[in-house]
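The values are calculated or read from the model by the stated rules, or taken from the named source; none is laboratory data. Source: prediction; values computed, not measured. Glycine gets a Cβ as well: all are built from the backbone with ideal geometry, and neighbour counts include every protein chain shown. Surface accessibility is based on the protein's heavy atoms, side chains included, excluding ligands, DNA and RNA. Shrake-Rupley method; radii C 1.70, N 1.55, O 1.52, S 1.80 Å.
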Amino acid sequence: MLSATAHSQLCRLRPLPALKPRPLTAAAASSSPLADQSPPSTPPPRPSPPRSQILTLRRSLLARETTAVQLAESYLARLRLVEPRLNSFLHVSDSVLREAQAVDDRIGRGEDVGPLAGVLVGVKDNICTADMPSTGGSRILEDYRPPFDATAVRKVRELGGIVVGKTNLDEFGMGSTTEGSAYKVTANPWDISRVPGGSSGGSAAAVSARQCMVALGSDTGGSVRQPSSFCGVVGLKPTYGRVSRYGLMAYASSLDVIGCFGSSVADTAILLNAISGHDRYDATSSKREVPDFISQFTASNILEDKPLEGMRVGLIRETLGSGVDSGVVSVINAAASHLEELGCIVKEVSLPSFSLGLPAYYILASSESSSNLSRYDGVRYGSQAVADELSSLYGVSRAEGFGSEVKRRILMGTYALSAGYYDAYYKRAQQVRTIIQKSFKAALDENDILISPAAPSAAYKIGEKKNDPLAMYAGDIMTVNVNLAGLPALVLPSGFVDGGPSGLPVGLQMIGAAFDEEKLLKVGHIFEQTLRGHRFVPPIIEDDNTC
């Protein structure tokens, strides 16, 4: 466990720039009895570091106030305590304590340790890990152990991070509840009778319940952002190309991105810093320089009255209409008012093509999945069924290995790509995608960021939509357009609606221009620091000494 001293202080990777003090007005200066005297030599307040479990841990480790082994034992104890009720993990690593001891040994020898030293990281099970199973949530990969780490995982390990385990997901990322896993159903830490969202529900639930500090997920149409909203954590979908997809099991290659979960904006930013950058194994990864995402964070004790003064924020009109719960609308309107209090100029903007995104997304994603998942045939990849003929082997292996939702999307995609229908479906969906990209660009040319709900409702009951795929698909309306446009988006917990033992969290989605994650994180950090009256720690946590 971290010491009381460690919890009362935060640490930082680098000092934050202090804001310039505002000068007295002329009238105030002339009327002041001290106007003609030298000002007292009172030092300006020192910037307080951002709220961050990662930075707190780093300070504590380097100060020898705690050890990586002690922290790992604490998190593993919590994981084991709540896991029977949550089912966040498909596999828990048996080498966590050994890796933590290695971190302590390096510190003991006075060696440099990376910014993620001792940090326990959950990894979604469609991201490859060499020392653990990687099933994609599917029976067809039940016994698969990759011979390599995904690039994002490799970077986490190189910076000292410890992969605590593989988190549950909808099979191959196809779903919005994590009920589509072939192995277990994950529950929401705020109310275990409700879904955590999907498809990265295991990662979101694990971070929310403090089973790990941060986690990796994947986002093809909202699979990081919607679970973040449901579970009350911070979730970031980076710009397409910001993070290498090498080692991510392909669902829809033109839409897939690896994203980050954290309990604070700072933790999420640190994880994004760790995994971003060009990778020679992924031709779609960008060669743009990766900024230090937390270097421009403003400390809470030196914030001006209106720290976001002049920032233009567009509230997307189409995201607050019919089909969106009234409680969600109230939370988003309150968040918009809070941004106005911080100095933002908030106005409604219209994206007329917004409603076209959902059908276009499901045509394109299903088409790409029908191609990508053809490799799982029992010969190249996947469990092999017993059959007398090759065609039967293919058919039986896939029939037994794939779940119902995966089969449904493969069939939809194959149909959309078939002769005679390609122009009517796939080509037309690509044309709609171009229209959506142009509409977002136009809106972001006039605004610094756009905001919307991350989902049309808070978390719903397990089983409520499992047998109604169209209703489940409709829940992605807030997020799929961002993937089609390839833009970054940050989800922040911003309020609650009624439900569960202590209310259900609702997330605010902030959308930025391509490769402008730095601005999103800076705004999100100020929003997070200044939001009052909410504490996003779920009731399943009984002992929150490490929260």
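Looking only at segment 523-537, decide whether some residue is more than 26 Å from V324 (Cα to Cα), at pLDDT 95 or above, acidic (D, E) and within 17 Å of the chain's Cα centre (by Cα). Scanning segment 523-537, I find no residue that is more than 26 Å from V324 (Cα to Cα), at pLDDT 95 or above, acidic (D, E) and within 17 Å of the chain's Cα centre (by Cα), so the answer is no.
Quick check on my filter: what residues within segment 176-219 are open to solvent by 10 Å² or more (accessible area, probe 1.4 Å) and either closer than 25 Å to R409 by Cβ or not small (G, A, S) (or both)? Listed by number, the residues that qualify are E179, G180, S181, A182, Y183, K184, V185, D191, I192, R194, R210. Selection of segment 220-239 for residues being over 20 Å from I270 (Cα atoms) and surrounded by fewer than 24 Cβ atoms within 10 Å (Cβ to Cβ) yields an empty set.
With respect to the conditions (1) surrounded by 14 or more Cβ atoms within 10 Å (Cβ to Cβ); (2) closer than 26 Å to E446 by Cα; (3) acidic (D, E); (4) out of contact with any helix residue (DSSP H, G or I) (no Cβ under 9 Å at 6 or more places or on another chain), E318 falls short on a single one, namely (4). Might you check whether a residue that is over 27 Å from S203 (Cβ atoms), open to solvent by 10 Å² or more (accessible area, probe 1.4 Å), touching a residue at least 12 places away in the same chain (Cβ under 8 Å) and not polar (S, T, N, Q) occurs anywhere in segment 282-302? Yes: one or more hits. Being of a type in the set (S, T, Y) and within 20 Å of I526 (Cα to Cα) is the filter here; which residues of segment 328-369 pass it? Residue satisfying the conditions is S337 alone. Residues in segment 241-278 that are assigned to a loop (DSSP other than H, G, I, E, B) and of a type in the set (S, T, N, Q): S244, S253, S254, S263, S264. I need the full set of residues from segment 441-485 which are of a type in the set (S, T, Y) and in contact with a Ser or Thr (Cβ under 9 Å, 6 or more places away or on another chain), in order please. S452, Y460, Y473, T479, listed by residue number.
Here I477 qualifies as touching a helix residue (DSSP H, G or I) at 6+ places or on another chain (Cβ under 6 Å) and closer than 19 Å to G197 by Cβ.
Taken together, the criteria exclude K438 from residues that are touching a Ser or Thr at 6+ places or on another chain (Cβ under 9 Å), among the charged types (D, E, K, R) and more than 22 Å from P488 (Cα to Cα). No other residue among S176, S181, S138, S134 is on the phi < 0 side of the Ramachandran plot and under 16 Å from the mean Cα position of the chain (by Cα) apart from S176.
Restricted to helices (runs of 4 or more DSSP H) entirely inside segment 347-423, those with at least 3 residues that are polar (S, T, N, Q), touching a helix residue (DSSP H, G or I) at 6+ places or on another chain (Cβ under 6 Å) and surrounded by 15 or more Cβ atoms within 10 Å (Cβ to Cβ) are 357-372. Among residues of segment 351-375 that are farther than 16 Å from T434 by Cβ, those with a Cβ under 7 angstrom from a residue that is acidic (D, E) and surrounded by 21 or more Cβ atoms within 10 Å (Cβ to Cβ), sequence gap 6+ or separate chain, pair up as L358/D476.
Considering the conditions (1) in contact with a helix residue (DSSP H, G or I) (Cβ under 6 Å, 6 or more places away or on another chain); (2) at pLDDT 95 or above, S300 is excluded by exactly one of them, (2). Listed by first and then second residue, the pairs linking a residue in segment 518-529 that is closer than 13 Å to T268 by Cα and assigned to a helix (DSSP H, G or I) to a residue that is modelled with pLDDT under 95 and not aromatic (F, W, Y), with Cβ atoms under 8 Å apart and 6 or more places separating them unless they lie on different chains, are E518/Q296; L521/I294; K522/Q296; K522/T298; H525/P50; H525/I294; H525/T298; E528/R51. Across segment 240-274, which residue is surrounded by the most Cβ atoms within 10 Å (Cβ to Cβ) among those that are of a type in the set (V, I, T) and within 18 Å of L57 (Cβ to Cβ)? Among those that are of a type in the set (V, I, T) and within 18 Å of L57 (Cβ to Cβ), it is T268. Against the numbered list (1) open to solvent by 10 Å² or more (accessible area, probe 1.4 Å); (2) under 22 Å from D219 (Cβ atoms), L81 comes up short only at (2). Determine whether V156 is of a type in the set (V, I, T), within 15 Å of G259 (Cα to Cα) and within 20 Å of the chain's Cα centre (by Cα). Judged against the criteria, V156 is a match.
Across segment 204-240, what is the number of residues that are farther than 14 Å from G175 by Cβ, assigned to a helix (DSSP H, G or I) and not hydrophobic (A, V, I, L, M, F, W, C)? The number of residues fulfilling the criteria is 4.
Each row is one residue, and each column tells you yes or no for (1) at pLDDT 95 or above; (2) outside any loop (DSSP other than H, G, I, E, B); (3) open to solvent by less than 40 Å² (accessible area, probe 1.4 Å).
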residue: E464; (1), (2), (3): yes, no, no
residue: M478; (1), (2), (3): yes, no, yes
residue: P493; (1), (2), (3): yes, yes, yes
residue: M510; (1), (2), (3): yes, yes, yes
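Scanning segment 115-148 for residues that are in contact with a strand residue (DSSP E or B) (Cβ under 9 Å, 6 or more places away or on another chain) and either modelled with pLDDT under 95 or open to solvent by 30 Å² or more (accessible area, probe 1.4 Å) (or both) turns up D131, Y144. Selection of segment 306-323 for residues being within 16 Å of I449 (Cβ to Cβ) and small (G, A, S) yields G310, G314. Just to be sure, is A474 under 23 Å from D325 (Cβ atoms), in contact with a Leu (Cβ under 9 Å, 6 or more places away or on another chain) and open to solvent by 30 Å² or more (accessible area, probe 1.4 Å)? So A474 fits the description; yes. Considering only residues of segment 314-346 that are in a helix (DSSP H, G or I) and among the hydroxyl-bearing types (S, T, Y), which is farthest from N481 (Cα to Cα)? Selected residue: S337. Scanning segment 410-452 for residues that are of a type in the set (D, E) and under 20 Å from C344 (Cα atoms) yields D445, E446, D448. Per the listing S494, S457, S452, the residue uniquely touching a residue at least 24 places away in the same chain (Cβ under 8 Å), hydroxyl-bearing (S, T, Y) and within 30 Å of A77 (Cα to Cα) is S494. Scanning segment 335-346 for residues that are β-branched (V, I, T) and open to solvent by less than 50 Å² (accessible area, probe 1.4 Å) returns a single hit, V346.
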